[in-house]
Amino acid sequence: HVQLVESGGGLVQAGGSLRLSCAASGGTFGNYYMGWFRQTPGKERDFVAHISWSGSGTEYADSVRGRFTISRDNAKNTVYLQMNNVRPEDTAVYYCAARPVYGSRRTSQYDFWGQGTQVTVSS
């Protein structure tokens with residue numbers, strides 16, 4: 001099993017930046033596609049971005065493309081989400097997730113999840 005721990009959430013003003021981290025343990029990190037998702041109360045968990053095993057391939061939700069950047073450091077077993085020009089609608093709990101095959105936008109296709117980190121964007 002892979003254990004995932006997110007960090008870096010907090011309160012940020014609209015237009016500001018935040019970087020989330022997700023540290024992995026218990027598996028061979030480089031063998032997993034990694035994804036970021038987010039969820040607000042009463043709503044489904046939504047896809048944000050995913051990244052390939054080597055980091056050469058990325059995909060983003062339309063709502064964050066051009067503002068957020070996903071990256072990974074396989075030597076540190078960590079995936080990042082750099083959030084720039086944040087908006088109040090980016091407020092959510094952010095989760096990282098792992099799956100051993102190709103990336104997906106569907107939460108049901110990820111095998112391992114972190115506990116989430118809260119991001120709050122004030123207007």
- Within region 47-91, which residues are touching a strand residue (DSSP E or B) at 6+ places or on another chain (Cβ under 7 Å) and open to solvent by 80 Å² or more (accessible area, probe 1.4 Å)? W53, R87
- Can you tell me which residue in region 16-35 is surrounded by the most Cβ atoms within 10 Å (Cβ to Cβ), limited to those that are assigned to a loop (DSSP other than H, G, I, E, B) and touching a strand residue (DSSP E or B) at 6+ places or on another chain (Cβ under 9 Å)? Y32
- Task: Kindly list the number of the only condition in (1) closer than 14 Å to T117 by Cα; (2) touching a helix residue (DSSP H, G or I) at 6+ places or on another chain (Cβ under 8 Å) that fails for A14.
- Result: (1)
- Message: So if I check each of Y60, Y110, which one is under 15 Å from C22 (Cβ atoms) and among the hydroxyl-bearing types (S, T, Y)?
- Response: Y110
- Item | Condition check for A98: of a type in the set (A, V, I, L, M, F, W, C) and open to solvent by less than 40 Å² (accessible area, probe 1.4 Å) | yes
- Restricting attention to region 41-55, does a residue exist that is over 16 Å from S7 (Cα atoms) and of a type in the set (K, R)? yes
- Message: All but one of (1) without any contact (Cβ under 8 Å) to a residue 24 or more places away in the chain; (2) in contact with a Pro (Cβ under 9 Å, 6 or more places away or on another chain) hold for G27; state the number of the condition that does not hold.
- Response: (1)
- So E44, is it outside any loop (DSSP other than H, G, I, E, B), surrounded by fewer than 16 Cβ atoms within 10 Å (Cβ to Cβ) and among the acidic types (D, E): no
- Message: Checking T107 against (1) without any contact (Cβ under 8 Å) to a residue 24 or more places away in the chain; (2) hydroxyl-bearing (S, T, Y); (3) open to solvent by 40 Å² or more (accessible area, probe 1.4 Å): exactly one of these is not met. Which one?
- Response: (1)
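The values are calculated or read from the model by the stated rules, or taken from the named source; none is laboratory data. Keep in mind that what you see is a predicted model, and the values were worked out from it rather than measured. Every residue, glycine among them, receives a Cβ derived from its backbone with ideal geometry; neighbour counts consider all protein chains shown. These accessible areas exclude ligands, DNA and RNA; they are computed on the full protein's heavy atoms, side chains included. Shrake-Rupley method; radii C 1.70, N 1.55, O 1.52, S 1.80 Å.
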